[in-house]
Each structure stands twice: as structure tokens, then as C-alpha cells.
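One structure is given here, and the rest of the page talks about it.
Rule-based calculations on the coordinates, nothing more; no lab input. Keep in mind that this is a model prediction, so the values were computed, not measured. For neighbour counting, all protein chains shown are included, and Cβ atoms are generated from backbone atoms with ideal geometry for every residue, glycine included.
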């Protein structure tokens, strides 16, 4: 990683691609995502009629169906 002039780059210790055990003070891996807890008991319908599987899908990325189409 290249640093800009006048800045410092602080890198943590390497585990050499998993070849040696990690010596990190805290586990910083992001949590694993899992399905919504109420995905089987709720239906979310957006204002344009799109039906999505999760209430967090406010942009309708994973559309299941649309009201009035079937």
C-alpha cells in the first residue's frame, strides 16, 4: 500500500495467508449474514406493487412477484 507524502500507514501483523496462527488482539472478521428471522411469516409489498422477500430490500433487488401481474 502506497502512502501519500506526510502520512503513515499502519498495518496489522500478517498471518502469511493462514500459514501461521493469528496473533490479533480481537477478531475483526465481519459477521456472517443470515436470512431475516421473519422471512416465512411476513410479506413486504413496495409502493409500486413489487413483492419482495425481506423488508430490508427497500430497492426491490430480489423481486418475487408484482401485484396485478399474475
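Scan segment 1-37 for residues that are within 30 Å of residue 58 (Cα to Cα) and exposed (fewer than 10 other Cβ atoms within 10 Å of the Cβ) and the total you get is 9.
When we screen 65, 57 for residues that are outside any loop (DSSP other than H, G, I, E, B) and either in contact (Cβ under 8 Å) with a residue 40 or more places away in the chain or surrounded by 10 or more Cβ atoms within 10 Å (Cβ to Cβ) (or both), the only hit is 65.
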